[in-house]
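Chemist: This is the structure I have questions about; it appears just below.
The values are calculated or read from the model by the stated rules, or taken from the named source; none is laboratory data. Being a predicted model, the structure only gives us computed values, none of them experimental. Positions of Cβ are backbone-derived with ideal geometry, glycine not excepted, and every protein chain shown enters the neighbour counts. Please note that ligands, DNA and RNA were not included when accessible areas were found on the heavy atoms of the full protein model with its side chains. Shrake-Rupley method; radii C 1.70, N 1.55, O 1.52, S 1.80 Å.
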Amino acid sequence: IILRGLTEYQINNLLEKAWFEGKDFNDFDEISKVIGATKKQILKKSNLLEIIESTENLDSIGGLNNLKKWLKTKAKIMTNIETAKEFEVDLPKGILVVGMPGCGKSLTAKACASVFGLQLIRFDIGRLLGKYVGESENNMRKALALAEAISPCVLWIDEIEKGLSGSQSSGRTDGGTSARVFGTFLTWMQEKKEPVFVVATANDITKLPPELLRKGRFDEIFYVGLPNEKEREKIFHIHINKRRPQDLDKIRISDLVAKTKGFSGADIEGV
């Protein structure tokens, strides 16, 4: 399973390299590290996908209880994919998280990979566009094929509106390239069979094509806004506990909460 996404040529090279370096082939953890490093290099060369290492989990998020509850429910499927397939349970497709900057969208993607126990792959959709005819569409197909090859995984598409917002007017501006790229992505979202869970984030939902928002593309759309008092208290608690846990009982967090109305989670971390 951990060799998924590698060609026979790449696997042979990987094993030869491990043998020359004296790796113990009976040590699963040691060989897994070698394979993981190889996959990182392959994705890095693609210039489209990147493996993100993160220690964030659902406890790192202050608030967003509905979203966390939903992820915990779907984790029962994503951590038992083969059993789910055996009982013909539909695998979750993904979620779209929309809201103001600094309110936990990127953190949600990282925590999602943790709760599902899967690798987090970041897809930089802004790198798709090429200068040659057909290059952008080919880049999209290549990126999606790579994600499927190394599945199961969480595919994080950050600020998706920047890559797809021009699809509705692309015939007048770029010869229809954006529309074709968007069409390729929509078809994949609708028909993909491999366990690739998509977490797309966006700051402005009004810039997204309506076709992307209909049922069948994403399982759910979540809006994240500015944290309320209880959420700000939790966020302060998380960040103080990360940095000065010994001082947690000495700080009057209620005073800080009262003074930070209108602050985002990122603003509170900055404080």
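Chemist: Which of the following residues is part of a helix (DSSP H, G or I), over 18 Å from E231 (Cα atoms), in contact (Cβ under 8 Å) with a residue 40 or more places away in the chain and touching a Phe, Trp or Tyr at 6+ places or on another chain (Cβ under 9 Å): A75, A18?
Modeler: That would be A75, the only listed residue that is part of a helix (DSSP H, G or I), over 18 Å from E231 (Cα atoms), in contact (Cβ under 8 Å) with a residue 40 or more places away in the chain and touching a Phe, Trp or Tyr at 6+ places or on another chain (Cβ under 9 Å).
Chemist: Do we find that K193 is basic (K, R), within 20 Å of the chain's Cα centre (by Cα) and open to solvent by 70 Å² or more (accessible area, probe 1.4 Å) in this structure?
Modeler: Details: basic (K, R): yes; within 20 Å of the chain's Cα centre (by Cα): yes; open to solvent by 70 Å² or more (accessible area, probe 1.4 Å): yes.
So K193 passes the test.
Chemist: Inspect region 116-130 for any residue being modelled with pLDDT of 90 or more and under 22 Å from A266 (Cα atoms) and give the result as yes or no.
Modeler: yes
Chemist: Check off (1) within 30 Å of G270 (Cβ to Cβ); (2) in contact with an Asp or Glu (Cβ under 9 Å, 6 or more places away or on another chain); (3) open to solvent by less than 30 Å² (accessible area, probe 1.4 Å); (4) not in a loop (DSSP other than H, G, I, E, B) for I51 and give me the number that stays unchecked.
Modeler: (2)
Chemist: Note down all Cβ pairs under 7 Å where the first residue falls in region 84-98 and is surrounded by 13 or more Cβ atoms within 10 Å (Cβ to Cβ), the second is of a type in the set (G, A, S) and not in a helix (DSSP H, G or I), and they're at least six residues apart or on different chains.
Modeler: Close Cβ pairs satisfying both conditions: G94/A200; L96/A200; L96/A202; V98/A202.
Chemist: Same structure, new question: Give K44, K69, K17 a once-over and let me know the one that is open to solvent by 60 Å² or more (accessible area, probe 1.4 Å), more than 25 Å from V115 (Cβ to Cβ) and at pLDDT 75 or above.
Modeler: K17
Chemist: Tell me which residues, restricted to region 84-108, are in a helix (DSSP H, G or I), among the small types (G, A, S) and under 22 Å from E191 (Cα atoms).
Modeler: Quick first cut of region 84-108, residues in a helix (DSSP H, G or I) only: 84-86, 105-108.
Narrowing the set further to residues that are among the small types (G, A, S) leaves 84, 106.
Of everything in region 84-108, just one residue is in a helix (DSSP H, G or I), among the small types (G, A, S) and under 22 Å from E191 (Cα atoms), namely A84.
Chemist: Can you name the residue in region 213-244 that is over 25 Å from the mean Cα position of the chain (by Cα) and open to solvent by 70 Å² or more (accessible area, probe 1.4 Å) and, of all such residues, is farthest from A109 (Cα to Cα)?
Modeler: Checked region 213-244; the qualifying residue farthest from A109 (Cα to Cα) is R244.
Chemist: Just wondering, is there one or more residues in region 259-266 that are under 19 Å from G104 (Cβ atoms), assigned to a strand (DSSP E or B) and among the charged types (D, E, K, R)?
Modeler: First, pick out the residues of region 259-266 that are under 19 Å from G104 (Cβ atoms): 260-266.
Retained after the next criterion (residues that are assigned to a strand (DSSP E or B)): none.
The answer is no; no qualifying residue exists.
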